[in-house]
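Q: Got a structure for you, questions after.
Please treat every number below as a calculation from the coordinates, not as lab data. Owing to the predicted nature of the structure, the values given are computational and were not obtained by experimental measurement. Cβ atoms come from the backbone with ideal geometry, glycine included; neighbour counts cover every protein chain shown.
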Amino acid sequence: MQILGSGTGLNPDFPSPPVTPGIEDVVTEEAAVAAPEGSALKVTTLVKEGDLVAQGAAVACLRHAPDVCFVAPVAGRVARISLLAGKKLSEIVLFREASDAVETHDVTGTKTDAGLRHLMQSAGLWPLLRRRPFGGMPHPSEKPAAIVVMATDTRPFAPDPQIALEGREDDFARGLAALAQLTEGPVLVCQQADAPVLALPKGDNKFRCVTCGPRHPQGLAGLPIHQLFPAGLDAPVWDIHAEDTAALGALLKTGVLPMTRLVSIAGQALREAHLLRTHPGADLRQLTQRIVLPGPHLLMSGSPLDGHPARWLSPRDRQVTALPRETAQNRPHWFIAALTRSAGKTPAIPTAALTQSFGAGLPAIPFLRALSAGDDETALSLGILSLLEEDVALADYVLSENGQITAQLRAMLDRIKTEFAA
């Protein structure tokens, strides 16, 4: 077992009420199928408004790869189909129906790489995989150099993946064995040091258990990938959540993809915080309507560090954050704001907090200088291809940059993708 960064990272403090005991199961009356955050995917819709669909039934597929499907998280009626210019998926909204209709898939033939890929793509699990470099789901035929399974999450208020795996150990092991079919490289399972050691499939030296530090961002996939198996232009690395790995194992056993996931609801705008089991695309307003404080508030899918304002729970997110919304009465006067805000970019001052915000996994100041200067070659040498926006969100918070660093990272990754990976 390898141990990474046990004494590095930070514990950012965000106010939130205590978590209410117990885990409630919630299926919202409305739900949506949407692309993962940051993706602009051209799709072909497979349903029309008014159609009844079963849970897990395909409602859209990629235009350039029809085998990759987006599926209904609940059984319901298609209420609205919203596409952006170029047939890009915005959202497909469903009204839940009192139905137990569930899509069942044929799991024969999954002992082969092609058969397993077809099942994962047609059942809607493929979008839950994420590749590095550049992010997004992998190409349907891409072969990763390694796969990282995250059984830890150090974001503020994140639910413990170990709780989500309780009673699902066999499904998790089956899912791991399936993932190993997709790569000739290692399958790294990342978990906390104080958590029970997860049982890995026996008889295969592909599997390695990695212990991550308890502070953020050690519990994100970026640092283990950067430190153990850096992603490259010709060596993509995938990551997937441990609960989604268990869902893959259940799919292989039953032919049905489980739609529930463990989700935390927290934030300063709540009366009480909750852990619950719900589905992707859940209606955030319904999830929070009984526990939100009076007054204007902002609902975010994701953590307070790297979440985004949303109406629906994003496909890969397992957190809902409710924050007070700034109103005109509590905003500073424009003249005072102008006097207290620098007109130009402020330099990143080397501090221990800034170093720790990268988990001491790469040199913070040289990396930030390369980002701000647009120095692609230096950033490449420092490991940018292993990182995504979530991996630098803590540095944004430490520097109070309000998203500037994450925007610079995305701009540089897009430029590298265009210039180097064409």
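Q: Per residue, how much space in cubic angstrom lies within the convex hull of the C-alpha atoms of segment 5-144?
A: 210 Å³
Q: How large is ³J(HN,Hα) for each residue in segment 128-137, as worked out from phi by the Karplus curve 6.51 cos²θ - 1.76 cosθ + 1.60 (θ = phi - 60°), to whole Hz, x for Gly and Pro?
A: Here the 3J(HN,Hα) series is 7, 7, 9, 9, 10, x, 5, x, x, 6 Hz.
Q: Relative contact order for segment 118-273 using alpha-carbon pairs under 8 Å, separation at least 6, rounded to a whole percent?
A: 34 percent
Q: Take the chain, connect every pair of alpha-carbon atoms lying under 10 Å apart with a spring to form a Gaussian network, then pick out the residue of Thr20, Thr28, Thr154 with the largest mean-square fluctuation.
A: Taking springs between Cα atoms under 10 Å, the residue moving most is Thr20.
Q: Here's something else I'd like to know. Considering the convex hull of the alpha carbon atoms of the chain, report its projected area averaged over all viewing directions, in nm², one decimal.
A: 21.1 nm²
Q: Please work out the Cα center distance from segment 127-175 to segment 94-123, rounded to the nearest Å.
A: Segment 127-175 and segment 94-123 have Cα centres spaced 18 Å from each other.
Q: Check the straight Cα-Cα distances from Lys88 and name the aspartates and glutamates below 20 Å, setting aside those fewer than 8 residues away within the same chain.
A: Within reach: Glu37, Glu49, Asp67, Asp414.
Q: Under 1.5 on a/c is rounded, so check that first for segment 91-145, then, if it is not, pick prolate when a/b is larger than b/c and oblate when it is not; a ≥ b ≥ c are the square roots of the alpha carbon gyration tensor eigenvalues.
A: Cα axes put segment 91-145 in the oblate bin.
Q: As I understand it, the dipole of the chain uses +1 on the Cβ of Lys and Arg and -1 on the Cβ of Asp and Glu, about the Cα centre. Which of Val93, Gln55, Met150 lies farthest toward its positive end?
A: Val93
Q: About its Cα centre, how strong a charge dipole does the chain have in debye, to the nearest 20, once Lys and Arg get +1 and Asp and Glu get -1 at the Cβ?
A: 580 debye
Q: Which pairs, out of Lys42/Lys206; Lys143/Lys253; Lys42/Lys143; Lys202/Lys417; Lys42/Lys111, put more than 32 Å between their alpha-carbon atoms?
A: Those over the limit are Lys42/Lys206; Lys202/Lys417.
Q: Please compute the contact order of the chain in relative form: average sequence separation of alpha-carbon pairs under 8 Å and at least six residues apart, divided by the residue count, as a percent.
A: Relative CO of the chain lands at 20 percent.
Q: Here is a follow-up. So how far, in whole Å, is the C-alpha centre of segment 372-417 from the one of segment 29-78?
A: 31 Å
Q: Can I ask one more? Using each residue's phi in segment 155-162, evaluate 6.51 cos²θ - 1.76 cosθ + 1.60 at θ = phi - 60° and report the 3J(HN,Hα) Karplus result to the nearest Hz, with x for Gly and Pro.
A: Once θ is set to phi - 60°, the couplings for segment 155-162 become 4, x, 6, 5, x, 6, x, 5 Hz.
Q: Counting alpha carbon pairs within less than 8 Å and at least 6 residues apart, what relative contact order, in whole percent, applies to segment 272-320?
A: With pairs under 8 Å counted, the relative contact order is 40 percent.
Q: Under the rule a/c < 1.5 gives rounded, and otherwise a/b versus b/c splits prolate from oblate, where does segment 23-63 land using the Cα gyration tensor?
A: Taking the square roots of the gyration eigenvalues as a ≥ b ≥ c, segment 23-63 is oblate.
Q: Same structure again: Looking only at Arg77, Arg325, Arg316, which one moves most when the chain is put into a Gaussian network model with springs between Cα atoms under 10 Å?
A: Sorting by GNM fluctuation, first place goes to Arg325.
Q: Can you pull the semi-axes for segment 133-198, root of five times each eigenvalue of the Cα gyration tensor, sorted largest first, whole Å?
A: 23, 16, 11
Q: Loop-only check: which trypsin sites (Lys or Arg not before Pro) in segment 94-174 are DSSP coil with at most 12 other Cβ within 10 angstrom?
A: Lys111
Q: Right, next: Which whole-Hz couplings ³J(HN,Hα) result when phi for each residue of segment 367-379 is put into the Karplus expression 6.51 cos²θ - 1.76 cosθ + 1.60, θ = phi - 60°, listed in order with x for Gly and Pro?
A: 5, 5, 5, 4, 5, 5, 8, x, 8, 4, 5, 5, 4
Q: Next question. Measure off 7 Å from each Cα along the Cα-to-Cβ vector at Thr108 and Asp67, then give the distance between these two points in nanometres to one decimal.
A: Between Thr108 and Asp67, the label points sit 1.9 nm apart.
Q: With each label point set 7 Å from Cα along the Cα-Cβ vector, what nm distance links Phe134 and Leu298?
A: Each label point lies 7 Å from its Cα, and together they span 3.1 nm.
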